[in-house]
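Working notes, structure below.
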Amino acid sequence: TVESADIDCSGTGEAVAEDAVGDCDDTAVTINPDAAEIAGDEVDQDCDTVELCFVDADDDGFRPDETSTVESADIDCSGTGEAVAEDAVGDCDDATFAIHPGVDEIAGDGVDQDCDRTELCFVDADDDGFRPDVTATVVSTDIDCTGPGEAVTGDAIGDCDDTVSAINPDAVEIAGDEVDQDCDTVELCFVDVDDDGFRPDETTTVVSDDIDCQSTGEALSSDGVGDCEDTIAAINPDAVEIAGDEIDQDCDTAELCFVDVDDDGFRPDETSTVVSADIDCVDAGEAVVEDAAGDCDDTAAAINPGAAEIAGDEVDQDCDTTELCFVDADDDGYRPDETSTIESDDIDCAGAGEAVAEDAVGDCDDALFDIHPGADEIAGDEVDQDCDQTELCFVDADNDGYRTPDGSTVVSDDLRCNADGEALATADDGDCDDLDAAISPAASEVVADEIDQNCDGAEICYVDADNDGYRAADPETVESADATCDGDGEAPASSGAGDCDDTDAGINPGMGETPDNLVDENCDGRIDGELASGGCATLSSRSAAGGWLLLFGMMGAVLRRRR
């Protein structure tokens, strides 16, 4: 505490009881528990008894950057992995002590020791994996030595031409090009013993005592190959071949023979020749002059003047310029069997009545074009168009002699359409209910049963002119426009009978009787409870009652007085 000069604690160096405790350096205003810690200055600004240090993980005196920090266990930054602010920045590998901006770069190891983001590489100008010596180096633009012209320490030395990648100690020496590919100071030459400008092959070589191939017996790669007798200058690939002497003058390892491609003992003509694979003419495709000529197809051994003719293949096996064809008399593309043949006057089977072997067999009537296995069967004609020994019949399920209008068919097990459920094409197709033999165009129509027995699309109905649900006691009929009797003026058999006035819907057997109106509404033959007789039996119309009502009323009164 300190004694104030007044009665408050707001003077310099004074504090009240509410002020926080814990200032670890009360002489510096920037040091207190609320202060921000400054990294790497070894000062405990926030009074927490520890220090925030920069990182130097490998303790090489270089930290990686300005931001990486670690909390120290004390208030200095001299512990392992700790660095002060004054330590240099730029360590590119803070896990390796030997890598930091202060070390010397090691050439060709692919490691950036001095952290300059480049590498010192050995030279390999032609990028063939060989460097010319142990001293030539180049600075890479990155931290490896894989760029063009760069080499690592492990790359071999001894490249005798570092401008050509194909020249190095590991290269394969190319014979006869007068270039020292493998850097051994000599040349590999081809052999030409008779010095005729042709070497025997691509493999026979000799080592020259210099780097050219100009000495006796030596040949360049540009010299011709194929000298089959390298001891005789007159035999070489430029010599003229003599046919049939079984001597290979032009060194092509073959002989010029006559042609017999299919080896059937017949050659096509007197001029065609073929180069043999050896120096005789006894191999496949070769013929001697004694072999007969006249083979019309020298690619097929089965075709020659001595071969047997095969029918219907459109191939002239015996070379007589004609063909043996199968028969197709109606030219429908189907032949009757496998044996019937005809001689064509050419080498195809496209003439009238001719068929090829590929044409299907099984024409059951070779005289009719429309009858064959590929034809469409015509229903109900009792003709087997598709030769399947069955017939396609129309359906007559109820066997009433009429088929349905939808053209339904069934396959018969014979060539007739007279079995149960079958019908001919000539049968009428107007059966509107093929499950009921009593319904067909020939059936008699039953009145008002609402069934179209005769399949005319209409019905004969009873007349109910006033549509009151009752037909007359002596019924009349009317033809309906459909198969029902529910139209205007129509009544089915199930409707009531006995309507005594079919022009008035208010008069029928189902109506109640109205007293004193002189009208028989319920058609029971009584008027106002009295049995009618004579000319006054029934007033069957309200219109009649209108004119006569007064008269009948007067007559009724007279009768009642007499009683």
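Considering only ASN304, THR339, VAL288, and ranking their Cα positions along the charge dipole of region 281-342 that arises from unit charges at the beta-carbon of Lys, Arg, Asp and Glu, the one farthest toward the positive end is VAL288.
Its Cα centre serving as origin, region 220-363 has a Cβ charge dipole (Lys and Arg +1, Asp and Glu -1) of approximately 220 debye.
Loop-only GluC sites (Glu not before Pro) in region 171-235, please: DSSP not H, G, I, E or B, and at most 14 other Cβ atoms within 10 Å. Numbers along the way, then the final one.
Details: sites: GLU173, GLU178, GLU187, GLU202, GLU218, GLU229; in loops: GLU173, GLU178, GLU187, GLU202, GLU229.
Those that pass, being in a loop and sparsely packed, are GLU202.
In a reduced charge model with +1 at each Lys and Arg Cβ and -1 at each Asp and Glu Cβ, the chain shows a dipole moment near 7620 debye about its Cα centre. In the assembled protein chains, THR426 presents an accessible area of approximately 130 Å² (probe radius 1.4 Å).
Quick one: net charge around ASP414, please, counting Lys, Arg +1 and Asp, Glu -1 for every other residue with C-beta under 11 Å from its C-beta. Here the charged neighbours net out to -4.
Given the rule -39500 (n - 2.57) for each run of at least 4 DSSP H residues, summed and divided by the residues of the chain, what is its mean residue ellipticity at 222 nm, to the nearest 500 deg cm²/dmol?
Working: 1 runs with 21 residues, N = 563.
Only helices count here, giving -1500 deg cm²/dmol.
For GluC sites (Glu not before Pro), the sites in region 1-64 that DSSP calls loop and that have at most 12 other Cβ atoms within 10 Å are GLU3, GLU18. Pairs of Cα atoms nearer than 8 Å and 6+ residues apart set the relative contact order; for region 29-157 it is 16 percent. Between helix 542-562 and the chain there is an angle of about 40 degrees, using the helix long axis and the longest principal axis of the Cα atoms.
Computed on the chain, with alpha-carbon pairs under 8 angstrom and 6+ residues apart, the relative contact order is 4 percent. Here the chain exposes an accessible surface that is 55 percent carbon and sulfur, computed with a 1.4 Å probe and the other protein chains kept in place.
Heavy-atom accessible surface of the chain, averaged per residue, reaches 55 Å², computed with a 1.4 Å probe. When Cα Rg over 2.2 N^0.38 Å is calculated for this entry, the matching label among (i) 0.90; (ii) 2.58; (iii) 1.06 is (ii). Tally Lys/Arg at +1 and Asp/Glu at -1 over every other residue whose Cβ is under 9 Å from the Cβ of ARG471; what's the total? Once all neighbours under 9 Å are counted, the net charge is -4.
The values are calculated or read from the model by the stated rules, or taken from the named source; none is laboratory data. Quick caveat, the model's predicted, so the values are computed rather than measured. Neighbour counts run over all protein chains shown; Cβ positions are idealised from the backbone, glycine included. For the accessible areas, the whole protein counts, side chains as well, though only heavy atoms, and no ligand, DNA or RNA atoms are used. Shrake-Rupley method; radii C 1.70, N 1.55, O 1.52, S 1.80 Å.
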